[in-house]
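Notes to accompany the following structure.
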Amino acid sequence: MKNIEDYVYLEPKLYADVIKNREPLFSNRFSSANVSGIDSIVLYATGSSANAAFAAAPFMSHVLHMPVQVEEPSFAANYGLFTNRHTLYIAISQGGHSYSTIHVVEELQKKGHLVYVLTSDPTSPISNIGQNILDMGMPIEEMPYVSAGYSVTILDLMLISLELQSTKETTFDIDKYVNRINHVIEEMPAAIKRASNWVNQQIPRLNEASRVIFIGYGAGYGVAREGETKITETVRITAQGKELEEYMHGPYLGLHQDDDIFFIEPQGRLQKRAVLLKNFLSEHVKSIQAIYSSFSPEASVNDLMLELDTDELLTSLFLTTPIHLLAYRWSQLKGHDLTVSAYPDFDKITGSKI
């Protein structure tokens, strides 16, 4: 069975395969008639799929010039399914077994709404009930704690937004963004190597950590959320993933001197705000690191510069690389066998996965 680290090193190839096959995957799936009049998008997802949706949403909104929201499917289906005929609905379930995502798809279809389902398993329960299935373009991930599936979901959503833009009668330069994505793919092996070296330096110090906090903004917010998810799942310690301003409005009051804080830095429009928060935290917390998408003159000796210069909205395609490597290697240092469920009776009792 491939592990999380194996999938990290496979990501450039998986990305390249999706780009190569983007026409059969997504072209002609959104007819002008189907998406005519659409003025907003809602993405339904949980767990890593939701993190990926948050990571892709800024790019999607920028390309389509419309609001792109990420919603919790269980809350929406049970308490807030106030639908709009001018909204495009996309449900994401990488493995296709999420009960709550399946439920919201069923409810939307009952109301006669056009809803697309993005999944990697065409034989899964969600594929069996969904009327409009979008293939993620990658094999089903063997590791139960998904990493490549999270990353490919981000790329898929970006390409879907470009495909939706192509249905409009505009002069929008789609090839420009495809070329930028290809540039990211070409540079990723070098970025992964830098991430790997940085993780090796961090692991000995982190092994005694009891709480980790990831802070991000823009495209980095979904990355911070994925940091919370993966460290919690694999290392099994307390982890949090916060949006920059969200953290500054209350959660900072609960910080501890021994917290390990990681800033996810896409080096975008809120970078100056992030610097202000770092300056404050440095007076109260021993350990603060930043993961920069590109070179930064502000980087300290413990920071990571991935040195991949691109549009801030595309940085989510690679900023999670060090976090996934960190989660895997740290979990192995803790002695956790990730192929064996920590609580094998969970799904049997709760029905979280069908």
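The values are calculated or read from the model by the stated rules, or taken from the named source; none is laboratory data. These numbers come from a predicted model, not from an experiment. Positions of Cβ are backbone-derived with ideal geometry, glycine not excepted, and every protein chain shown enters the neighbour counts. All accessible areas refer to the heavy atoms of the entire protein, side chains included, with ligands and DNA or RNA removed. Shrake-Rupley method; radii C 1.70, N 1.55, O 1.52, S 1.80 Å.
Among SER316, SER300, SER296, which is the only one that is buried (at least 21 other Cβ atoms within 10 Å of the Cβ) and outside any strand (DSSP E or B)?
Of the residues listed, the single one that is buried (at least 21 other Cβ atoms within 10 Å of the Cβ) and outside any strand (DSSP E or B) is SER316.
Which residue pairs have Cβ atoms closer than 7 Å, lie 6 or more positions apart in sequence or on different chains, and pair a first residue in segment 229-250 that is acidic (Asp, Glu) with a second residue that is not in a loop (DSSP other than H, G, I, E, B)?
Listed by first residue and then by second, the contacts come to GLU243/GLY216; GLU243/TYR221.
Whether any residue in segment 142-160 is over 18 Å from LEU314 (Cα atoms), charged (D, E, K, R) and in contact (Cβ under 8 Å) with a residue 40 or more places away in the chain is what I want to check.
Checking segment 142-160: at least one residue is over 18 Å from LEU314 (Cα atoms), charged (D, E, K, R) and in contact (Cβ under 8 Å) with a residue 40 or more places away in the chain.
Among the helices (runs of 4 or more DSSP H) contained in segment 172-275, which hold 2 or more residues that are at pLDDT 95 or above and farther than 22 Å from LEU308 by Cβ?
219-234, 244-248
Would it be correct to say that TYR89 is within 28 Å of ASN179 (Cβ to Cβ), touching a strand residue (DSSP E or B) at 6+ places or on another chain (Cβ under 8 Å) and of a type in the set (Ser, Thr, Tyr)?
Answer is no for this residue.
Can you name the condition, by its number, that TYR217 falls short on among (1) open to solvent by less than 10 Å² (accessible area, probe 1.4 Å); (2) closer than 24 Å to ARG329 by Cα; (3) among the hydroxyl-bearing types (Ser, Thr, Tyr)?
Condition not satisfied by TYR217: (2).
Which fully enclosed helices (runs of 4 or more DSSP H) of segment 59-145 have 2 or more residues being small (Gly, Ala, Ser) and surrounded by 15 or more Cβ atoms within 10 Å (Cβ to Cβ)?
73-79
Go through (1) more than 25 Å from PHE318 (Cα to Cα); (2) surrounded by fewer than 22 Cβ atoms within 10 Å (Cβ to Cβ); (3) touching a residue at least 24 places away in the same chain (Cβ under 8 Å) one by one and return the number of the condition ALA190 breaks.
(1)
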